[in-house]
Amino acid sequence: MISTDGLSRSFRTPDGGEFPAVRDIDLSVARGESVAVLGPNGAGKSTLMRMLSTLLPPTRGSARVAGFDVSSQSRFVREHIGYVGQGSGAGHHQRAVDELVTQGRIHGLSRAAARGRAAELLSLLQLEPLARRKTQAMSGGQRRRLDLALGLVNLPPLLFLDEPTTGLDPQSRGHLWDHVVRIRQKTGMTIVFTTHYLEEADHAADRVVVVDRGRIVADGPPELLKQRSAGHTVTLAVPDPVAARRLQALLATADRVRAATAHGTAVTAKVDDGRTALPALITAARDHGIDVVAAETRTPTLDDVFLELTGWSLREAGAFSTGEAGQSSGAQEDSA
Ligand SMILES: Nc1ncnc2c1ncn2[C@@H]1O[C@H](COP(=O)(O)OP(=O)(O)OP(=O)(O)O)[C@@H](O)[C@H]1O
């Protein structure tokens with residue numbers, strides 16, 4: 001369904017230079033797959049999606065989508081895809097049903113067929129009670145559901161969703177994904193979506209492509225990410241940064257520790273079982289004359305997963321915000 005070869009996109013910088021937003025992407029997506037493109041702000045996710053959906057020409061490399069070249073056959077590509085961009089694409093003055101009918105007409109449906117399609121989609125996305133409501137009077141979650149319906153008007157075999165849940169509360173996010181999963185089960189549609197949220201990728205994707213600084217740094221089923229992040233994270237606070245670096249060096253070679261990172265006066269260690277490791281690590285520190293002033297154990301966050309995959313903390317790589325509990329695990333140069 002999608003096949004790219006060295007797909008790249010650079011942007012001109014104000015000083016006349018070039019900024020490589022997407023670099024040498026070789027990606028292949030099979031018919032019926034659901035693929036999550038995961039990464040921090042500025043990683044290049046939207047740029048990649050916009051190239052694949054013909055909204056932005058590549059500066060190098062090529063891509064075929066639904067059997068057509070995105071550069072030379074963009075019209076045919078567009079006939080085979082749905083695209084739901086970031087933010088609300090829905091207009092602000094029409095009623096929901098009219099938005100859908102207009103979109104159907106744009107896709108070449110007769111008025112009657114467009115009305116029929118609008119009714120089907122309103123039902124599918126449980127928007128029937130809101131059919132006559134103007135979009136500016138809808139909640140964020142309702143508007144995103146309408147956006148999703150708009151992306152489905154031409155019954156595309158391939159749907160692109162660019163951060164479809166940004167700005168929604170957790171309940172509305174879950175609700176929207178339930179719809180996407182159901183539509184996919186019903187239609188067998190191929191779906192490619194971008195997200196910041198590991199749990200969304202886990203819920204709705206067969207495969208996760210992690211993008212960092214314009215490149216693919218990991219590609220595989222969500223289990224791959226979870227396996228990488230299995231276990232616990234133990235954080236020990238010590239009185240000063242020198243003690244933290246000493247403790248990091250000590251823990252980096254300790255039996256139970258898979259990786260250790262120092263950041264300021266905190267040392268974070270990746271372990272299989274935090275409950276048994278925590279007392280042992282505190283004892284090891286004290287045996288070496290390092291005072292531990294505070295300690296905590298927690299399950300890994302997406303930030304930890306990303307750190308393991310890329311050596312970068314998501315929070316440091318961009319203005320990343322998940323709303324999840326948890327702290328940044330440490331600076332790249334401090335990684336053990
Ligand atoms: N039209 C543009 N002109 C100049 N730079 C751009 C343009 N579009 C994107 N960029 C830059 O390219 C990089 C990748 O941006 P992109 O929007 O693809 O990232 P993203 O992974 O989708 O981020 P986010 O999660 O914030 O949406 C960023 O550094 C961005 O500033």
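For the structure I just gave you, tell me whether residue 206 is of a type outside the set (Phe, Trp, Tyr), open to solvent by less than 30 Å² (accessible area, probe 1.4 Å), in contact with a Pro (Cβ under 8 Å, 6 or more places away or on another chain) and not assigned by the TED database to the domain that holds residue 286. For residue 206, the condition - of a type outside the set (Phe, Trp, Tyr), open to solvent by less than 30 Å² (accessible area, probe 1.4 Å), in contact with a Pro (Cβ under 8 Å, 6 or more places away or on another chain) and not assigned by the TED database to the domain that holds residue 286 - is not met. All conditions in (1) open to solvent by less than 60 Å² (accessible area, probe 1.4 Å); (2) out of contact with any helix residue (DSSP H, G or I) (no Cβ under 6 Å at 6 or more places or on another chain); (3) closer than 13 Å to residue 158 by Cβ; (4) modelled with pLDDT under 95 hold for residue 84, with the sole exception of (2).
Considered as a group, the residues in the stretch 194-212 that are modelled with pLDDT under 90 and of a type in the set (D, E, K, R) include one that is farthest from residue 166 (Cα to Cα), and that residue is 212.
Annotation note: of 195, 135, 165, 190, the sole residue that is β-branched (Val, Ile, Thr) and over 27 Å from residue 21 (Cβ atoms) is 135. On inspection, residue 239 passes the criterion of being open to solvent by 60 Å² or more (accessible area, probe 1.4 Å), at pLDDT 80 or above and farther than 30 Å from residue 38 by Cα. Residues in the stretch 102-137 that are in a loop (DSSP other than H, G, I, E, B), among the small types (Gly, Ala, Ser) and modelled with pLDDT of 85 or more: 110, 131. Based on what the data block shows, is residue 233 buried (at least 22 other Cβ atoms within 10 Å of the Cβ) and not assigned by the TED database to the domain that holds residue 106? So residue 233 fits the description; yes.
Checked against the criterion of being surrounded by fewer than 16 Cβ atoms within 10 Å (Cβ to Cβ) and either away from the ligand (no atom under 15 Å from the Cβ) or in a strand (DSSP E or B) (or both), the candidates 31, 23, 64 yield just one match: 31. Say we look at the stretch 158-176 and pick out the residues that are open to solvent by less than 10 Å² (accessible area, probe 1.4 Å) and under 13 Å from the mean Cα position of the chain (by Cα); which of these is nearest to the ligand (Cβ to nearest atom)? If we take residues in the stretch 158-176 being open to solvent by less than 10 Å² (accessible area, probe 1.4 Å) and under 13 Å from the mean Cα position of the chain (by Cα), then 162 is nearest to the ligand (Cβ to nearest atom). Given the condition within 16 Å of the ligand (Cβ to nearest atom), at pLDDT below 85 and either within 30 Å of residue 24 (Cβ to Cβ) or buried (at least 16 other Cβ atoms within 10 Å of the Cβ) (or both), answer yes or no: does some residue in the stretch 89-99 qualify? Within the stretch 89-99, one or more residues are within 16 Å of the ligand (Cβ to nearest atom), at pLDDT below 85 and either within 30 Å of residue 24 (Cβ to Cβ) or buried (at least 16 other Cβ atoms within 10 Å of the Cβ) (or both).
Quick grid of which residues meet (1) within 16 Å of the ligand (Cβ to nearest atom); (2) part of a helix (DSSP H, G or I); (3) open to solvent by less than 50 Å² (accessible area, probe 1.4 Å); (4) touching an Asp or Glu at 6+ places or on another chain (Cβ under 6 Å):
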site: 11; (1), (2), (3), (4): yes, no, no, no
site: 15; (1), (2), (3), (4): yes, no, no, no
site: 47; (1), (2), (3), (4): yes, yes, yes, no
site: 58; (1), (2), (3), (4): yes, no, yes, no
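Quick check, is residue 6 free of Cβ contacts under 8 Å to residues at least 12 places away in the same chain and either open to solvent by 10 Å² or more (accessible area, probe 1.4 Å) or within 16 Å of the ligand (Cβ to nearest atom) (or both)? When the stated conditions are applied, residue 6 does not pass them. The strands (runs of 3 or more DSSP E) falling completely within the stretch 153-251 that include 2 or more residues that are of a type outside the set (Lys, Arg), closer than 30 Å to residue 262 by Cβ and in contact with a Gly (Cβ under 8 Å, 6 or more places away or on another chain) map to 207-212, 232-237.
Return yes or no: is residue 141 open to solvent by 10 Å² or more (accessible area, probe 1.4 Å), assigned by the TED database to the domain that holds residue 68 and on the phi > 0 side of the Ramachandran plot? Answer is no for this residue. On inspection, residue 82 qualifies as under 29 Å from residue 225 (Cα atoms), among the small types (Gly, Ala, Ser) and in the same structural domain as residue 202 (by the TED database).
The values are calculated or read from the model by the stated rules, or taken from the named source; none is laboratory data. The structure presented is a predicted model; accordingly, all values stated were derived computationally and were not measured. Here the Cβ is made from the backbone with ideal geometry for all residues, glycine too, and neighbour counts use every protein chain on show. The accessibility values were calculated without ligands, DNA or RNA, using every heavy atom of the protein model including side chains. Shrake-Rupley method; radii C 1.70, N 1.55, O 1.52, S 1.80 Å.
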